[in-house]
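Down below is the structure, laid out as structure tokens.
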Amino acid sequence: MYFGAAKDLPGVRELFEQEPPPPPRKTRGELMKDIDADYYGYRDDDDGVLIPLERKAERKAIKAAVKQYTNKKLAAMADEEDEESQENGIQDEDDIDSEDEEISLDETDERSEVQRFMAHVPNIPTQADIEAALVERKKRELLQTYLGD
């Protein structure tokens, strides 16, 4: 580095006027050197922050989907009832009461819909069940080995 009057010397002034050389380009190997599983997002779940956020978003999505489904179902039922009422003419008071009961049943059906959705998931064995099955299989193998069926 040059200071003071040294900057005004003929060779030094030309050095300051030149543009600095461009930085050397990195090779593909240098660029890929630091890329690991974190770069691709494979270890995002390790810190424990993402899982509760995903659960919350999943619950919201399920509620929205159930609500959309029930609204669509109610709209389809209302359209069918309108068509039936146009075909049959005027409705009786009993029909109106039964419609109110159907709507209240649909509301309870909405709550049980989520439970039914969960009921379709097959029963997944717990760790204890798996360990018990492994112990049982090992017992059978040992008995078969020593008793020789």
Residues that are surrounded by fewer than 10 Cβ atoms within 10 Å (Cβ to Cβ) and in contact with a helix residue (DSSP H, G or I) (Cβ under 9 Å, 6 or more places away or on another chain), drawn from the stretch 7-33: 16
The stretch 15-33: number of residues that are modelled with pLDDT of 80 or more and assigned to a helix (DSSP H, G or I): 5
Scan of the stretch 126-149 for residues that are assigned to a loop (DSSP other than H, G, I, E, B) and aliphatic (A, V, I, L, M), ordered by number: none
Answer from 94, 149, 36 - the residue that is surrounded by fewer than 11 Cβ atoms within 10 Å (Cβ to Cβ) and at pLDDT 85 or above: 36
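The values are calculated or read from the model by the stated rules, or taken from the named source; none is laboratory data. Predicted model, so just to flag it, every value in this text is computed and none were measured. As a convention, Cβ positions derive from the backbone with ideal geometry for all residues, glycine included, and neighbour counts pool all protein chains shown.
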